[in-house]
Structure formats: C-alpha cells, structure tokens
Amino acid sequence: MPILASPALPRGSMAALTQPELTTQDLLLRPWQPSDRRTVVAGYADPAIQRWHCRSMTDDEADDWIAAWPGRWSGETGAGWAVLAAGHVVGQISLRRVDLAEGLAEVSYWVLPEARGRRVAPRALSAVTAWSFTTLRLHRVELCHSTVNTASCRVAQYAGFTMEGTKRGEARHTDGWHDMHLHSRLDHDR
C-alpha cells in the first residue's frame, strides 16, 4: 500500500554524516570507544541505573555494546555518546528508535553516582536535542521514564521537554509493570 506522505527525512540523511563530538559548557559528548568498557560495566552495575534501565553488563557484553554503536549509526537506528566531564566518562546519552521517515527519535541517558546533582543529564540532553534539530533535522525528540523516576522527570523539564501524558503499564521493570511519562520537544520548541 503506497504511503501518501513523503518521509520527513530521506534514508541516508544520518548515515551521510559523521557522528559528531558535541560540547556544552564543561561537558564533551563523544562516540563510545573500546577504552570505555570499564565505565560502561560500572554504570550498568549501579543499582539506580539498573533500576531504570533493567540490565547489567559483563565485560564482553560491554565490548559488544560499544562495538554496536557505529552500526546503529550507519543503519540509522541509533546514536550513542559517552558524556565526559574533566576528561572522564560520567554518563551516557543516546538516540534510540530513530525513525527518519517520521522525523523522530527517543532519547535515553544515565549518569554515574559521582556526577549526579551537577545537571549533567539535562545539559547533555539539551546538546543532543539541539543537534538533532539543527543538524540531523529531526522534527520530534521523545523521552519516556517511569512515573516514579522523579529525577528523570526533572531532567526532562529542565531541558525544555513538555510532559504529554502517561502511558499506562508501558514498561516492564524488575518490580513489575510501570506507567511511563512521555515528554517531547519539537523542532520549533526553541
């Protein structure tokens, strides 16, 4: 069945670009490197990150996770950045579920315990969102989090994301099904 609306962005729009390094204030966002394995393992060993991301990683799994990002970029399905402060990885941010035809992506992030409380996540989120609109030319960036994850709600609000509603029983966590808040920014929400 033919689609009557043309794609928001043509295939190849993302793959034609080199994944950039992004800077904001004192943060550097750069593509993941094999040398980041220990930090990825440590991140996914943190109880708070495990609670919301529902996973842990071995060294081999972290190697595979890092190695998968270039393929996700070239396949136009995702993009991941290590977030650095003072030369050390303190978190991650990624575009997940990239859909160029619809001009949208979902974002996820985490911050290591030692960097929490310094607005690392909202600054990284703002940088990735700005790049997504100005360079990649997306129309919409979404963020979902458990309704009981108040820290992520604050991150979304600080980065200018509008809360659109609650998706009932949408995500399965280790303690059961969670309702999820849906936040978004549109390219003209500047």
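Under the classification rounded if a/c is under 1.5, otherwise prolate if a/b is larger than b/c and oblate if not, where does the stretch 1-87 fall, given a ≥ b ≥ c as square roots of the Cα gyration tensor eigenvalues?
Because a/c hits 1.5 or more and a/b exceeds b/c, the stretch 1-87 counts as prolate.
Electrostatic bookkeeping for Met163 treats Lys and Arg as +1 and Asp and Glu as -1; over the other residues with beta carbon under 12 Å from its beta carbon, the sum is +1.
Is any residue of the stretch 24-42 close enough, with backbone N under 20 Å, to a label point placed 7 angstrom from the Cα of Asp64 along the Cα-Cβ axis, and if so, which? Counting only backbone N, you get 32-42. The Cα atoms of the stretch 63-104 define a convex hull whose projected area, averaged across directions, is 3.5 nm².
Taking only the Cα atoms of the stretch 39-90, the ratio Rg/Rh comes out at 1.00, with Rh defined as the Kirkwood radius. For the pair Ala42 and His173, label points projected 7 Å from Cα toward Cβ lie 2.5 nm apart. A Förster radius of 45 Å combined with the Cβ-Cβ distance from Arg116 to Met1 puts the calculated FRET efficiency at roughly 0.40.
Helices in the chain that qualify as membrane-span-like (whole DSSP H runs, Cα extent of at least 30 Å along the helix axis, mean Kyte-Doolittle hydropathy of 0.0 or higher) do not occur. Most tightly packed first, judged by the mean number of other beta-carbon atoms within 10 Å of their residues, the peptides 160-171, 110-121 read 110-121, 160-171.
Tell me the per residue accessible area of the chain using a 1.4 Å probe; a whole number in Å² is fine. Walk me through the intermediate numbers first.
Numbers: 10050 Å² over 190 residues.
That works out to 53 Å² for each residue.
Per residue of the chain, the DSSP helices (runs of n ≥ 4 H) give a summed -39500 (n - 2.57) that works out to -9000 deg cm²/dmol at 222 nm. The portion of the accessible surface of the stretch 1-46 made up by carbon and sulfur, rounded to a whole percent, is 56 (1.4 Å probe; DNA, RNA and ligands excluded). Simple point charges give the picture: +1 on the Cβ of Lys and Arg, -1 on the Cβ of Asp and Glu, and for the chain a dipole about the Cα centre of about 400 debye.
Site pair Asp187 and His88 shows an inter-label distance of 3.9 nm when each label is modelled 7 Å from Cα along Cα→Cβ.
Rolling a 1.4 Å probe over the protein heavy atoms of the stretch 130-190, with every protein chain left in place, gives an accessible area that is 47 percent carbon and sulfur.
Multiplying the residue separation of Glu21 and Ser56 by 0.36 nm and removing their Cα-Cα distance gives an extension gain of 10.0 nm.
The values are calculated or read from the model by the stated rules, or taken from the named source; none is laboratory data. Since the model is a prediction, treat every value here as computed from it, not as a measurement. Neighbour counts are summed over all protein chains in view; Cβ atoms, including those assigned to glycine, are modelled from backbone coordinates with ideal geometry. To get the accessible areas, we keep the full protein, side chains included, count just its heavy atoms, and leave off ligands, DNA and RNA. Shrake-Rupley method; radii C 1.70, N 1.55, O 1.52, S 1.80 Å.
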